[in-house]
Structures are given as structure tokens and as C-alpha cells.
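Structure record follows, encoded as C-alpha cells.
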Amino acid sequence: ADGERGSMTLHTFPKLDAIQSISEQELRDLGLGYRAKYIVKTAELLASSGGYSFLEQLRGQDAESVQEELIKFHGIGRKVADCVALF
């Protein structure tokens with residue numbers, strides 16, 4: 001849930017279905033620029049790969065396998081895949 005901590009306003013990351021319902025242009029209008037197309041394509045691939053269950057099953061795999069799965073996403077290279085794999 002969204003909330004506040006001191007003088008900072010905190011926001012939760014949107015759910016996959018919410019990301020899928022927004023267009024690339026709407027994301028650009030929010031100021032995401034060139035990243036908008038990556039977000040749209042990533043949401044599409046994530047949904048077609050199984051969504052949250054796909055991500056959960058990555059947790060039980062070795063680092064190399066996780067990296068190989070994550071770099072299939074548009075705009076994700078090896079360095080970003082390694083960072084995502086930390087979480």
C-alpha cells in the first residue's frame with residue numbers, strides 16, 4: 001500500500017494487470033520516455049510466460065539460468081538481469 005515515511009511519500013509498484021492496461025503513449029505522457037516501450041513489451045512477455053509464477057520459479061534456479069531467462073525481456077541485459085536476480 002502507498003504511504004508516507006517522514007517527509008517522503010512511498011508508492012507500491014503496480015500489479016502486472018495494471019501495467020498491461022496502460023498504453024505506451026500513456027507511459028510516455030507520464031514521463032517514462034524511451035523506457036515506455038520496454039515496459040509494455042516486458043509486461044506482455046511476463047504475462048505470456050506465466051506472470052508472477054514465472055518469477056517465483058526463478059528463485060529456485062542457479063544464477064546463470066536466471067540470467068538467461070531474464071535477458072529474454074526487451075531492454076534487459078546481463079547486468080540488469082543480475083541486479084533483478086538479487087531480489
What number comes out for accessible area per residue over the chain if the probe is 1.4 Å? Units Å², please.
76 Å²
Arranged from highest to lowest average of other beta-carbon atoms within 10 Å per residue, in what order do the peptides 42-50, 29-37 appear?
42-50, 29-37
Return a whole-number percent for the relative contact order of the chain, with Cα pairs under 8 Å and 6 or more residues apart as the contact set.
18 percent
Gain in length, T9 to L86, computed as 0.36 nm per residue apart minus the alpha-carbon separation, to one decimal in nm?
25.2 nm
For R28, R78, R59, write out the residues from largest to smallest accessible area, computed with a 1.4 angstrom probe and no ligands counted.
R59, R78, R28
Reviewing (i) 1.14; (ii) 0.96; (iii) 1.01, the figure for Rg/Rh (Cα atoms, Kirkwood Rh) actually calculated from this model sits under (iii)
Per-residue ellipticity at 222 nm attributable to helices in the chain (runs of n ≥ 4 DSSP H, -39500 (n - 2.57) apiece, nearest 500 deg cm²/dmol) works out to -15000 deg cm²/dmol
Taking all protein chains in place and a 1.4 Å probe, what share, in percent, of the accessible surface of the chain do carbon and sulfur account for?
55 percent
Mind ranking 5-13, 66-74 by how tightly packed they are, going by the mean number of other C-beta atoms within 10 angstrom, highest first?
66-74, 5-13
Using a Förster radius of 30 Å, what is the FRET efficiency between E26 and S49 based on their Cβ-Cβ separation? Nearest 0.05, please.
0.80
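The values are calculated or read from the model by the stated rules, or taken from the named source; none is laboratory data. All of these numbers come straight from a predicted model, not from anything done at the bench. Positions of Cβ are backbone-derived with ideal geometry, glycine not excepted, and every protein chain shown enters the neighbour counts. Remember, those area values only see protein heavy atoms, side chains included, never the ligands or the DNA or RNA. Shrake-Rupley method; radii C 1.70, N 1.55, O 1.52, S 1.80 Å.
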